[in-house]
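The values are calculated or read from the model by the stated rules, or taken from the named source; none is laboratory data. Not measured: the values here are computed from a predicted model. Positions of Cβ are backbone-derived with ideal geometry, glycine not excepted, and every protein chain shown enters the neighbour counts. To get the accessible areas, we keep the full protein, side chains included, count just its heavy atoms, and leave off ligands, DNA and RNA. Shrake-Rupley method; radii C 1.70, N 1.55, O 1.52, S 1.80 Å.
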Amino acid sequence: MRFARRIARIEPSITLALDERAKKMRAAGRDVISMAVGEPDFPAPALVRAAAIEKVQSGDVRYTPAAGTPALRKAVAEHLSSTRGTPYTSEEVTICHSAKHALSGAIFALVEEGDEVLVPLPAWASYFDLVRLAGGTPVLVPPDRSDGVRPDLAALARAVTPRTRAVMINSPNNPSGYVFTRAEIEAVARLAIERNLWILSDEIYRALVYEGGEALSPVSLSKEARARTAIIDGASKAFAMTGYRIGFLAAPKELAAAVAKLHSQTTGSPNAVSQHAFQAGLERHPPEMDVMRAAFAERRDYLVQGLSELGLPCARPRGAFYVFPDVSAYLDVRGSVGFCEELLESQDLVLIPGAAFGVDTHVRLSYALGRDTIQEALRRLQVFLSAKRASPGSAGLQPGSASSSPSSSSSPLAGHGNHPARSKNQ
């Protein structure tokens, strides 16, 4: 059976493969703990749920404009104007089925066959495949070697070629929780202005920042930066509305209109109930959001301390709900995929290999789960690492020396995470 070539460009998801394996193990009666989930373990705020019920009971649940309801577009524009420090209008907002939907719309509207998109690592794996689906090449720029999470701005600048169309940033970052500094955002904006690039700024975790401060958006810097930035955001993370599937793109009105035009022919209008619920959340700040953020901060501190006690180097995340420790001292030729496979089989604990995010020396742990569960997960990880240290030949690699070779062909995850993208290692 023949499929379009674009399907072959998509890499199988390491995350989904591990999740499927964990579900089979649970079905067989094993007590599996998953720290793989990128989903808040809180319900959506009460006023959001009430608004959804109200909309359903009204009976007025019908198609909306492809760009979203005027009321929600206005609410998003007002929200952006107050949180990003620069005025937005409804014409500059397109409502989408999710942040991923908004991101794919922006990429398909901007990227032509043969274009390149710079992606500072570590980065969410979907970035790579969405660029490929549009016919472009994701150029993966390794992080600063000091901690494996900071962007290497000099390498980013060297990676620009005449074919570079855009740079994609994510702050707070998935998988590391790293928040770009003002100087780093300014450097990205300066590069984009000087080299005539678009900035695709994934700000889905923006409201989940700890210790005060904020995750600065490029649009807050200058009119020039704002004119070439597309903000990607949505309700899933900060509002715990993952299943509602609602997000938005905010960009110059020409790009916002182009994305709405694309979506009018591919997905139609966004979910009417979810739009109404999201509008309620934007217009009246739900107190549950502050409670959730405080709980995440407490869990983060507990998990980072636990990893430190296990001897795993870990940059302290300022945002999102992930930590990204360096496990290179425990890796063999199978890299982070082999590490996570072995951990799942021996301890019934699911982590995500750093290979999925372009950094094979690390693994991702989510703290979007209760403290008692985190405590048990740390205990299982301690047992696993102790066994690795005690087993001659099972690890033995020095930090940073893990091979980037594909997984063994006998592995059910074989072939995952090996992204055929141009990588800049200068």
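Laid out as a table, the results:
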{"item": "Descending semi-axes in Å of region 142-278, equivalent ellipsoid built from Cα gyration tensor", "result": "27, 20, 13"}
{"item": "Lys pairs under 23 Å by Cα in the chain, provided they are eight or more residues apart or on distinct chains", "result": "12"}
{"item": "Relative contact order %, the chain, counting alpha carbon pairs below 8 Å whose residues are six or more apart", "result": "24 percent"}
{"item": "Rotationally averaged projected area of region 29-99 (alpha carbon convex hull; nm²)", "result": "8.2 nm²"}
{"item": "Cut-off of 10 Å, at most 16 other beta carbons, DSSP loop: longest stretch of the chain lacking such chymotrypsin sites (Phe, Trp or Tyr not before Pro)", "result": "64-426"}
{"item": "Accessible carbon and sulfur surface of the chain relative to its total accessible area, %, 1.4 Å", "result": "52 percent"}
{"item": "Helix-only mean residue ellipticity at 222 nm for the chain, each DSSP H run of n ≥ 4 adding -39500 (n - 2.57), per residue, nearest 500", "result": "-12500 deg cm²/dmol"}
{"item": "Label of the coordinate-derived value, mean projected area of the Cα convex hull in nm², listed as (i) 21.0; (ii) 19.8; (iii) 22.6", "result": "(i)"}
{"item": "For the chain, share of DSSP beta bridges that run antiparallel, in % to the nearest 5", "result": "40 percent"}
{"item": "1.4 Å probe accessible area per residue over the chain, in Å²", "result": "42 Å²"}
